[in-house]
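Below is one structure, written out as structure tokens; the observations come after it.
What follows draws every value from the coordinates through simple rules; no lab data is involved. No experiment lies behind these values; they were computed from the predicted model shown. Cβ sites come from the backbone with ideal geometry, for glycine too, and all protein chains shown count toward neighbours.
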Amino acid sequence: MGVFGRIRDSLSRTKKEIVARFDEIVRRSDAPERRSRAIDVETADALEELLISADVGVAATTRIIESVTRRAAEERSLRDLVKDELRQIFSAVDRPIPVSTLPHVILIVGVNGTGKTTTVGKLANFYKGQGQQPIICAADTFRAAAVEQLEIWAGRAAVDMVRAREGGDPAAVVFDALSSAKARQRSPVLVDTAGRLHTRVNLMNELEKIRRVATREVPGAPHEVLLVLDATVGQNGVTQAREFTAASGVNGIVLTKLDGTAKGGVAVAIANDLKLPIRFVGVGEGIDDLVPFSAEEYVDGLFEERW
């Protein structure tokens, strides 16, 4: 199976909840006697309820409803109009990965329980599969279990890891990792940081110190700050992420556990509300189950027609 086909498959739980209902809305709206006419209140209300139930979010849902209502006279199906608007939401925040002087430095941030440490291991495996030579930096020095877990994932991916003793200075570990990467010409450097809330001032200050060290050692670093979000927590995660991104310079999202939720529409809310690109999505528990996000595959998978 192709990489992007796995995104479509990961949406199976979401599709089970919404496809049949959406097909009914489409059949009603596309009936010959109603085509090329304004979308009626009943259809708009049904579509709104469907999108909200899929965790698309209020703002994105309102945008989609307004768009399809405005374009209802076009000789196109409601399905195509909805998919068009979804593609525009994602394309509006799509941006290329920053070009960097090697090593490319990626900071992985987020709250506890989102799958952050696991994501670092899977990212290392992904980049190695792309012919690169990643190094993992274990900058979560507060939880011994986090370092041990990361060491297991580094072993699975067969990549090097730089670590410090429990309770050490996270910024010092980052310095060591970057020095090693430069000396050995390794890239990218994947920095696993301690889970934190944006309200924990001391931890946010620590994160800023890590950023300063990275900038001093490598021009433009960190080149990416990826926030790991758990798809199963839906809108709660989006709300939390909004505050987190404002405090930590996040420029991309990793959405984990997409296969474990019936509300996979949260990816739309993330793009629309946070104005950030989704870089990767988790589609399973295995080391190969983190794939680059494809908006086209996601939209087709979410609103595909049943046969």
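By the scheme Lys and Arg +1, Asp and Glu -1, what is the net charge of all other residues having a beta-carbon under 10 Å from that of Leu102? That works out to +2. Considering only alpha-carbon pairs that sit under 8 angstrom and 6 or more positions apart, the relative contact order computed for the chain is 28 percent. Between the beta carbons of Ala59 and Arg212, assuming R0 = 35 Å, the FRET efficiency works out to 0.55 to the nearest 0.05.
Applying 1/(1 + (r/R0)^6) with R0 = 41 Å to the Cβ-Cβ distance of Lys182 and Asp94 gives a FRET efficiency near 0.85.
Legend: ranking of residues Asp160, Asp230, Asp55, Asp9 from fewest to most surrounding C-beta atoms inside 10 Å; resulting order Asp9, Asp160, Asp230, Asp55.
Only the Cβ atoms of Lys and Arg (+1) and of Asp and Glu (-1) were treated as charged; on that basis the dipole of the range 92-246 about its Cα centre amounts to roughly 200 debye. Restricting attention to the chain, close to 15% of DSSP beta bridges with both partner residues there are antiparallel. Ranked by how many other Cβ atoms sit within 10 Å of their own Cβ, fewest first, the residues Tyr127, Tyr298 fall in the order Tyr127, Tyr298. Along its first, second and third principal axes, ordered by size, the range 58-157 spans 59, 30, 22 Å in Cα coordinates. With 0.36 nm allotted per residue and the present C-alpha distance subtracted, the Ile287-Glu42 stretch has 83.7 nm of extension available. Scaled to the globular estimate 2.2 N^0.38 Å, the Cα spread of the chain, given as radius of gyration, is 1.09.
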